[in-house]
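Notes for the one structure printed next.
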Amino acid sequence: MAFRRGRLVFVGIGAAVYVWLGPRWPTEQHLRIALGDAGERVEEVTVRCAAAETGADWAREVTFRYAKGQAPRIVSYEPRLKSGEYLVEIEIRTDDDRVLTTDRRVRLEGGATSIDVFDLARHTPERAD
């Protein structure tokens, strides 16, 4: 009987720790960067994530490089971060070597978060061929 109580107490403490620490553990977040039709001019996309309260102390950073005309309409990135408010910086390099940057403040909670940047990428002038 004492063994059962001890095991029950142990399981109860474990469950309490999980409930208390669970939201603080990093989980897989799903970021979708929507380039739209402007993606055909994009050669490189860099995504940086920082906790909103720390600003530029980047927790995660990734760069995706594409051959000319091969960037997808939506760039997917799945960093392991704890849920919360984040500053996401997106840097786009186009086929004419322009670098365009935007910052977005988003709440990541383990689901999918989409960030549309096609207006930013579209602002590049068309080449005169």
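Structural remarks
- Filtering the range 107-129 to residues that are modelled with pLDDT of 75 or more and either touching a Pro at 6+ places or on another chain (Cβ under 7 Å) or of a type in the set (Val, Ile, Thr) (or both) leaves Thr113, Ile115, Val117.
- Pairs linking a residue in the range 84-101 that is within 11 Å of Glu43 (Cβ to Cβ) to a residue that is polar (S, T, N, Q), with Cβ atoms under 7 Å and 6 or more positions apart or on different chains, are Thr94/Thr124; Asp96/Thr124; Arg98/Thr124.
- Residue that is farthest from Gly110 (Cα to Cα), among those in the range 37-51 that are in contact with a Lys or Arg (Cβ under 6 Å, 6 or more places away or on another chain) and surrounded by fewer than 19 Cβ atoms within 10 Å (Cβ to Cβ): Glu43
- The set of residues in the range 57-67 being at pLDDT below 90 and either of a type in the set (D, E, K, R) or surrounded by 15 or more Cβ atoms within 10 Å (Cβ to Cβ) (or both) consists of Asp57, Ala59.
- Selection within the range 69-99 - assigned to a loop (DSSP other than H, G, I, E, B), surrounded by 11 or more Cβ atoms within 10 Å (Cβ to Cβ) and of a type outside the set (Ser, Thr, Tyr): Gly69, Gln70, Ala71, Pro72, Arg73, Glu78, Pro79, Lys82, Asp95, Asp96, Arg98
The values are calculated or read from the model by the stated rules, or taken from the named source; none is laboratory data. This is a predicted model, so every value here is computed, not measured. Counting neighbours? That spans all protein chains shown, and the Cβs are built from the backbone with ideal geometry, glycine included.
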